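Read the structure below first, then the notes.
What follows draws every value from the coordinates through simple rules; no lab data is involved. No experiment lies behind these values; they were computed from the predicted model shown. Using ideal geometry, Cβ is built from the backbone for each residue, glycine included, and neighbour counts are taken over all protein chains shown.
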Amino acid sequence: MLQAFAFYLFAALVIASATFTILARNPVHSVLWLILAFFNAAGLMIIIGAEFIAMLLVIVYVGAVAVLFLFVVMMLDIDFAELRASFMKNFPLGIAIAAVLLAELVLGIGAWQSGGLELGTASGEAAPLLGRSNIESIGALLYGRYLFLFESAGLILLVAMVGAIVLTHREGRAVRGHQDIAKQIARRPGDATVNTRPESGKGVTL
Amino acid sequence: MVDLSQYLPILIFLVIAVGLSAAFVFLPMGVARLTGAHKPNAEKLSEYECGFPAFEDPRSQFDVRFYLIAILFIVFDLEAAFLFPWAVSLDLTGWPGWITMMVFLFELAIGLAYAWKKGALEWD
Amino acid sequence: MIPVFEGWGMSYEAAWTVSTIAGILLIALPLMLAVAMVIYVDRKIWAAMALRRGPNVVGPFGLLQSFADGLKVFLQETIVPSAANKGLFLIAPIITFTVALAAWAVVPFNSGAVLADINVGLLYILAVSSLGVYGVVMSGWASNSKYPFFSAMRAAAQMISYEVSIGFILICVVLWAGSFNMNEIVLAQRGHGLGIVNGFVFNLLLFPMWVMFLISSLAETARAPFDLTEAESELVAGYQTEYSSMSFALFWLGEYANVLLMCTLNAVLFFGGWLPPLEIGFLYWIPGFVWLLLKIAFFFFVFSWIKATVPRFRYDQLMRLGWKVFLPLSLAFVVLVSGWLMFTRYGA
C-alpha cells in the first residue's frame, strides 16, 4: 500500500515537474523543475529496487549535468522575444519530432504487447542473479561480461573531454601572474638580499 | 536484496527537514508582520551596491572556463560513477576486472594530461 | 526502539512509525542544538587564538550567546529585494538547510544505531552533498545582485572541483572496506592498525587519503582557508549578501551542520567512527556514540584551529590544488590501493 502510494507520489511529481519544465517562461526555472523531475525519478528507481541507479541519477544528473545546464542558462543573455519568434519559425520541425517520438512510442508499446521480444543480455539469456547487493551485481556484470562496452564508454568520455577543451579553449590568452610554487618554496633569503658594505662615494652595483 | 523499509525513514526525514526549514523561513515573516518589524521601503528593497544605485544587470556573461570546469566535472564524476561498482565487486571480477579498469583509467588519464597540457586547468 | 513501543500495546506499524519519527527528531533536534553550541565554540576558539575573550556576556561563560542571536534574527524583518526572484530567493535557504539535515540519515551513531541502514549509505551522502551546490547557486542567482551572483559562481565551481577528488578518496576507502554501507565501513576498521588500533588512518596507503579528505572537506564546506565564497574584502558577504532574518541564519545553520557532517565523515571513514581508538576490551564499556562525539569534537577543533591560523587561498591556487594536485594524486591512489588489494586479498 505504502509502496503504491510512494509510486504515485513520485510519478505524479515527475510528470508535473516535467510539464513545468516545458511551460516555465524563465529558463532557470525550467532547469530547476528538471532537477526536481530527476530527483523524483531517483525515488522511482529506489521503489523498483535499483538503489545504485537511483544514487547515480542524483550524483550524475542532479549533481553534475544539471549544474552545467544551470551555468549555461544563468550566464546566457537569453532574449525572450527572439526565443518566441524562433518558436513560431521552428514550430513545424517541433511537430515533426513530436510525431516521430509518438510513432516510436506506439511502435515500441505495440512490439512489447505482441510479445516474443527478448530484452536483456546480448546473448539472449538473462544475467545470473547474484545473492549480493545490486551495486555488486552491476559491477560483476559490467567488468566481467561487458568489458568492451565499458571500455568504449571510456573512449566516448575521452572524446567528450577533448571536444570540450577544443571548443572552449582560446589560444594565446595572455597568462598573467603565473605562480610557480616550487620556485617560491625553494627561494631563500640569500637569493633575494645581499649584504654589502659599499665604500663611500662608490655606490652599489646591482 | 534491497530493503525498501530502510528508505522510508529517509523520505520521512526529508519531509520533516523541508517542513522544519520552511517553518524557519516563513514563521519570522509572519512574526515580523505581527510585531511591526515589517516595514519595507524602496531603498531597503533595492539590491546592495556599496551605497549607490546599481548601474548594470548583475547577471552578466561569465568566463567560459566555468563551463569547462563543469564539463570536466561531469566527465570525472562519470568516471567515479564507474569506479563505485568496480570497487565492491573486485572479489567477483578478479584480475580481468582490475585490468579493465586500469585501461579505462589510462584513457581518462590521457584526457587529463591533454587538459593539463592545453592549459584548461589554468586559472590566472 | 520498536519493541519498546510494541510493549506499550501498539501495532507493529504504529510502533515503527513512532520510533522512526522519534529517531528523526533525536537526530535533527540535537543536531540543531549542537550547531548552536558549535557556533559558540567556534567563536570561543577563534577568540582564544587571537587572545580575545569571545562571547562572555549572555549566560554563564556566554554559553547562551547563540540562542540570543537566534532570537534576535527570528524577530527581525525578512527583506526580500524587489529585484529578486521571490520564490527562489526564499526556497534557497530551505534547500541548504534541508540538504544539511538529510545527510545525517545514514550516519551510524553506534553499533546498529542508524536511522536508514542502506547498502549505498556512502553514495547517499555523496548524492545529498552534491545537492548542496543548489542552495548556493539559487540564492546567488535569485538575489539578482552582483556580489551574490559572483559568489555563487565561485562557490559552484569550487564545490564541484573538490567533489571530484572526494569521490576518488571515498573509492579508496570503499575498496578497503568492501562495502558502501556506513556501518560495515566502521566495522572494517576494527583492529586495522596491527590489530590494536581502530581506523583506516593508520594504514600507510590510506593516510595520505585522509589528509586530502580533510583538506577537501574544508574546501567542500567553504571553510577557511577556502572561504572564497564569502571573501568579505571582495564579495561583501557572498551569496548571503541580500539575506536577512532567519533565512540568513539558515545558511549559517546549514553551513555549520555541513561542517559537523564533514567532521563526522572524517571520524567515520578514517578514525573508526563509534569504535574506541584502541582495540582493548574495557574501552568498549564506554558507549559508542561517546567515542564518536569525542572524535567529532576533535575534528571540529581542528577545523576551528585551521580557520584561526591559515590565511585565505587565492582562487587560482584553490583550483590548482583541486585539479592539479588532488585529482591526479587521488586517481593514483585508487590504482595503488586497488593494486595492493589485488595482490594481497583478491588476486590469489
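Stokes-Einstein, applied to the Kirkwood radius of chain C over Cα pairs at a viscosity of 0.692 mPa s and 37 °C, places its translational diffusion at 152 µm² s⁻¹. Close amide H partners of C:L278, meaning residues 5 or more places away or on another chain with modelled amide H under 5 Å apart, are C:N198. For chain B, the longest principal axis of the alpha carbon atoms and the long axis of helix B:64-88 meet at an angle near 50°. Between B:A22, B:A80, B:A109, which gets the highest mean-square fluctuation from a Gaussian network model of chain B, Cα cutoff 10 Å? Result for chain B, Cα springs under 10 Å: B:A22 fluctuates most.
Would you compute, from DSSP H runs of 4+ residues alone, the mean residue ellipticity of chain B at 222 nm, taking -39500 (n - 2.57) per run and dividing by the full residue count, rounded to the nearest 500? Walk me through the numbers before you get to the answer.
Numbers: 4 runs with 86 residues, N = 124.
So the calculated ellipticity at 222 nm is -24000 deg cm²/dmol.
Inter-chain Cβ neighbour count for C:72-79, averaged per residue, equals 6 (cutoff 10 Å, partner chain atoms only). Overall, the ratio between the Cα radius of gyration of the range C:209-280 and 2.2 N^0.38 Å, rounded to two decimals, is 1.40.
Label sites at A:A16 and A:F91, each approximated as a point 7 angstrom past Cα along Cα to Cβ, lie 3.1 nm apart. Helices of chain C meeting both criteria, an alpha-carbon length of 27 angstrom or more along the long axis and an average Kyte-Doolittle score not below 1.0, with helices taken as full DSSP H segments, are C:12-49, C:121-142, C:146-177, C:245-270, C:288-309. The range C:154-196 and the range C:212-248 have Cα centres spaced 24 Å apart. Take the Cα of A:A111, step 7 Å toward its Cβ, do the same at A:Q184, and the gap between the two points is 5.9 nm.
Averaged over the residues of peptide A:26-32, the number of Cβ atoms from other protein chains lying within 10 Å of each residue's Cβ is 3.
Its convex hull of Cα atoms gives the protein assembly as shown a direction-averaged projected area, equal to a quarter of the hull surface, of 41.5 nm².
With Cα atoms defining each centre, the range C:286-348 and the range B:66-124 are spaced 19 Å apart in the structure.
Averaged over residues, the count of other Cβ atoms within 10 Å places the peptides C:27-33, C:53-59 in the sequence C:27-33, C:53-59, highest first. Highest mean packing comes first when the peptides A:9-16, C:165-172, C:201-208, B:9-16 are listed by Cβ atoms within 10 Å, giving C:165-172, B:9-16, C:201-208, A:9-16.
Look at the stretch C:337-345: the mean tally of other chain Cβ atoms within 10 Å of its residues' Cβ atoms is 3. Electrostatic bookkeeping for C:F168 treats Lys and Arg as +1 and Asp and Glu as -1; over the other residues with beta carbon under 11 Å from its beta carbon, the sum is -3.
Taking every DSSP helix (H) stretch of at least 4 residues in chain C, weighting each as -39,500 (n - 2.57) and dividing the sum by the residue count yields a mean residue ellipticity at 222 nm of -21000 deg cm²/dmol. What separates the Cα centres of the range B:1-33 and the range A:47-65 is a distance of 21 Å. Within the listed set C:F180, C:F226, C:F200, the residue fluctuating most in the Gaussian network model of chain C (springs between alpha-carbon atoms under 10 angstrom) is C:F180. With R₀ fixed at 22 Å, the C-beta to C-beta distance from A:H169 to A:N26 puts the FRET efficiency at about 0.10.
For chain B, the longest principal axis of the C-alpha atoms and the axis of helix B:90-118 are separated by about 60°. Per-peptide packing, taken as the mean over residues of other Cβ atoms within 10 Å, places C:38-44, A:104-110, C:241-247 in the sequence C:241-247, C:38-44, A:104-110 from highest down.
What does the charge count near C:F226 come to, summing +1 for each Lys or Arg and -1 for each Asp or Glu among other residues with Cβ under 12 Å from its Cβ? Kindly include the intermediate steps, with their values, before the conclusion.
Numbers: positive: C:R154, C:R223, C:K307, C:R312, C:R314; negative: C:E220, C:D227, C:E230.
Overall, the nearby charge balance is +2.
Relative to the dominant Cα principal axis of chain B, helix B:8-35 is inclined by about 20°.
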